[in-house]
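Following: one structure in structure tokens, then a few remarks.
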Amino acid sequence: MCKYRSQRSVQYSLTETSSYSSRDRMERQEFQKEAEAPLSYAKLMSQARAAISEALEKMGLTEEIELSEVPAAELGDLGSPVALLLFKKMRRPPREIAEDIKTQIDLTDKDLIERVQVAGG
């Protein structure tokens, strides 16, 4: 599971001029946040997919990376069944595979991923 760093920690800057009322500025700021959110989510998906793919490469494995939103917020924002998909190939428990993948993940350049955790089976 990947935990997404909250968008609230990002500072938004807009050019403010005296011709705009404070309500106009607030509406523009909200619009700016909404416009940037899909881009951040797409970047999160890209970073998560890259992190898992790089970890699998280190392990000498290749697998198509599926990502989906997780049902419970306390588990994070994204999940992947990649360990379950590798179960047949590796003939090892999925949880062990997931732990191995987790240890290989490097988050150095993944600024939107807060943490990686193994959950489930």
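Rule-based calculations on the coordinates, nothing more; no lab input. Predicted model, so just to flag it, every value in this text is computed and none were measured. Ideal geometry is used to build each Cβ from the backbone, glycine not excepted, and the neighbour counts take in all protein chains shown.
Can you pull out every residue in the stretch 58-87 that is in a loop (DSSP other than H, G, I, E, B), over 21 Å from LYS43 (Cα atoms) and touching a residue at least 12 places away in the same chain (Cβ under 8 Å)? MET59, LEU61, listed by residue number.
If you scan the stretch 100-121, which residues turn out to be part of a helix (DSSP H, G or I) and among the polar types (S, T, N, Q)? I'd like the intermediate steps shown before the answer.
Here is the first cut: in the stretch 100-121, the residues part of a helix (DSSP H, G or I) are 100-104.
Scanning the stretch 100-121 gives THR103, GLN104.
Looking only at the stretch 88-99, decide whether some residue is within 12 Å of the chain's Cα centre (by Cα) and either part of a loop (DSSP other than H, G, I, E, B) or more than 21 Å from SER40 (Cβ to Cβ) (or both). Scanning the stretch 88-99, I find no residue that is within 12 Å of the chain's Cα centre (by Cα) and either part of a loop (DSSP other than H, G, I, E, B) or more than 21 Å from SER40 (Cβ to Cβ) (or both), so the answer is no.
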